[in-house]
Amino acid sequence: QEDLVVADRLIISGDRARAEKDYETAYVNYLDALEKIPAGIASDNLRSSTLSKFIKTALRYAEQLIEDGRYSDAEKVAKTILLPDYDPSNKAAIRLLANLEQPDYYNKTVTPDFAEDREEVTKLLHEADEFYQVGRFDLATKRYEQVLNIDRYNIAARKGMEVGGVFALSTE
């Protein structure tokens with residue numbers, strides 16, 4: 001009975017984390033909850049619904065790990081889904097593992113550092129666009145320069161510098 005109470009709390013925490021798109025926390029909570037739910041007819045419905053949430057969350061978490069360049073972590077998550085206690089014939093997890101093994105399916109040049117830089121570049125480009133929209137071309141140009149310091153080949157920043165530079169010159 002104690003384990004069921006703990007499992008219920010973990011499921012609620014997992015649901016909350018999943019709603020906030022915190023897939024790592026949701027994954028861990030559902031996994032821990034599955035460990036706490038005892039085998040038996042009385043808890044079959046709870047285990048089944050938790051397992052379904054766990055698998056959906058684990059797949060989303062694995063995709064997020066891949067986007068962040070954490071390929072080995074994504075592989076571990078997919079292999080966890082395929083464990084005998086969970087869903088050893090899950091087609092989506094099998095497909096994900098097969099895709100990870102193919103050298104050209106995912107862009108393996110994306111590393112965790114690159115993914116972090118990509119987020120910063122996106123934020124800076126968004127800010128530059130906002131400054132450009134309100135006529136603050138000097139600040140927009142500075143944001144584009146910051147982008148080029150991170151990614152010197154960034155096409156959006158180069159185009160923004162060209163357009164922003166033309167407007168900055170015409171307003172002087």
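The values are calculated or read from the model by the stated rules, or taken from the named source; none is laboratory data. These figures come from a predicted structure and were not determined experimentally. Cβ sites come from the backbone with ideal geometry, for glycine too, and all protein chains shown count toward neighbours. Ligands, DNA and RNA are excluded from the accessible area calculation, which covers all protein heavy atoms including side chains. Shrake-Rupley method; radii C 1.70, N 1.55, O 1.52, S 1.80 Å.
For GluC sites (Glu not before Pro), the sites in region 17-52 that DSSP calls loop and that have at most 14 other Cβ atoms within 10 Å are E20.
Would you mind checking the tilt of helix 155-170 against the longest principal axis of the Cα atoms of the chain, expressed as 0 to 90 degrees and rounded to 10? Around 30 degrees separate the two axes. Once the chain from I155 to L139 is taken as fully extended at 0.36 nm per residue, the excess over their C-alpha distance is 3.9 nm.
The residues of region 1-139 present an accessible area of 62 Å² per residue when probed at 1.4 Å with all protein chains retained.
Within a straight-line Cα-Cα reach of under 24 Å, K159 can be paired with the following lysines, leaving aside sequence neighbours fewer than 8 residues apart in one chain: K123, K142. Of the solvent-accessible surface of region 1-144, computed with a 1.4 Å probe and all protein chains present, 51% belongs to carbon and sulfur.
Among the listed values [x] 40, 35, 32; [y] 46, 40, 29; [z] 78, 36, 20, the one matching Cα extents along the principal axes in Å as calculated from this structure is [z]. Seen against the Cα atoms of the chain and their longest principal axis, helix 71-81 is set at about 30 degrees.
With loop membership from DSSP and a limit of 13 other Cβ atoms within 10 Å, the longest segment of the chain without chymotrypsin sites (Phe, Trp or Tyr not before Pro) is 1-104. Backbone phi angles across region 27-43, fed through the Karplus curve with coefficients 6.51, -1.76 and 1.60 (θ = phi - 60°), yield HN-Hα couplings of 4, 5, 5, 5, 4, 5, 4, 4, 5, 8, 6, x, 6, x, 4, 4, 10 Hz in residue order; Gly and Pro are listed as x. The sum of -39500 (n - 2.57) across all DSSP H runs of n ≥ 4, divided by the residue count of the chain, sets its helix-only mean residue ellipticity at 222 nm to -25000 deg cm²/dmol.
The slack in the chain from E120 to R9, taken as 0.36 nm per residue of separation less the alpha-carbon distance, amounts to 36.4 nm.
The alpha-carbon of K53 sits under 15 angstrom from the alpha-carbons of these aspartates and glutamates, leaving out residues fewer than 8 places away in its chain: D8, D15, E20, D22, E24, D32, E35, D44, D85, D87.
Annotation: extensible slack from E67 through E2 equals 19.6 nm (criterion: 0.36 nm per residue apart, minus Cα-Cα distance).
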